[in-house]
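The values are calculated or read from the model by the stated rules, or taken from the named source; none is laboratory data. Worth saying up front: this structure is predicted, and the values here are computed from it rather than measured. With ideal geometry, Cβ positions are generated from the backbone for all residues, glycine too; neighbour counts draw on all protein chains shown.
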Amino acid sequence: MNARPIILLAWVTICIVSLLGCSKSQKAPPPESSLPAATMANIAEVLSAYESVRAALASDQSDVRAQALELASAARSAVESVPEGLRQPLEELSGASQRLAELDGTDLRRARSAFGDVSRELIALLSGEPGLQKGLWLYDCPMAKGYSQWVQTEQNVSNPYMGSEMLECGKVAEF
């Protein structure tokens with residue numbers, strides 16, 4: 001029996017599987033935003049404040065009240081500069097962030113649950129204007145209870161819902 005066809009078939013299969021695996025880890029770049037520079041700066045402040053809350057929870061810090069207040073304030077400030085279609089998600093984001101800030105700073109489980117509401121509203125905002133998604137990654141944690149998606153600025157998973165227990169649990173999701 002000639003082994004050449006089998007080796008060739010195996011090589012072709014490995015190449016195809018490798019190419020498919022690579023394409024799944026890539027994401028298409030979002031379109032450029034048409035929002036004015038001042039609006040983009042306001043949204044950048046919102047994203048920065050959100051990231052500080054996410055990073056704290058990923059580090060198992062339960063007291064995120066100060067970061068959540070900063071996020072609520074940044075979202076409220078940004079409302080005035082965005083188009084009508086983005087105002088409601090920002091208002092909802094501000095409200096969810098305010099509720100997170102009002103929690104007892106010692107209950108990590110409740111803080112993570114409330115962060116799910118914050119993430120839901122941020123993702124609604126980003127989904128309403130795909131140009132805002134540039135440089136961001138959306139992740140989903142199959143192990144999280146409640147809302148399980150979050151946004152982060154780095155490709156390496158840093159799960160705010162599981163923290164040190166399962167920091168790298170999560171898969172890339174689509175906006």
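Things worth noting here:
- The stretch 160-175, residues that are closer than 18 Å to Ala111 by Cα and touching a helix residue (DSSP H, G or I) at 6+ places or on another chain (Cβ under 6 Å): Pro160, Tyr161, Gly163
- The residue that is surrounded by the fewest Cβ atoms within 10 Å (Cβ to Cβ), counting only those in the stretch 44-72 that are in a loop (DSSP other than H, G, I, E, B) and small (Gly, Ala, Ser), is Ser59.
- If you go through the stretch 112-141 and keep only what is among the hydrophobic types (A, V, I, L, M, F, W, C), crowded, with 17+ Cβ neighbours inside 10 Å and part of a helix (DSSP H, G or I), you end up with Ala114, Phe115, Val118, Leu122, Ile123, Leu125, Leu126, Leu132.
- Only a single item in (1) out of contact with any helix residue (DSSP H, G or I) (no Cβ under 9 Å at 6 or more places or on another chain); (2) part of a helix (DSSP H, G or I); (3) of a type in the set (D, E, K, R); (4) touching a residue at least 12 places away in the same chain (Cβ under 8 Å) is not met by Arg109, and it is number (4).
- Every pair of residues 6+ apart whose Cβ atoms lie under 8 Å, when the first sits in the stretch 73-100 and is in contact (Cβ under 8 Å) with a residue 12 or more places away in the chain and surrounded by fewer than 16 Cβ atoms within 10 Å (Cβ to Cβ) while the second is part of a loop (DSSP other than H, G, I, E, B) and hydrophobic (A, V, I, L, M, F, W, C): Pro83/Leu35
- Among residues of the stretch 121-142 that are closer than 14 Å to Leu47 by Cα, those with a beta-carbon under 6 Å from a residue that is outside any helix (DSSP H, G or I) and charged (D, E, K, R) at least six positions away or on a different chain give the pairs Gly131/Glu32.
- A residue that is in a helix (DSSP H, G or I), within 25 Å of Ser33 (Cβ to Cβ) and either touching a Phe, Trp or Tyr at 6+ places or on another chain (Cβ under 6 Å) or at pLDDT 95 or above (or both) occurs nowhere in the stretch 142-156.
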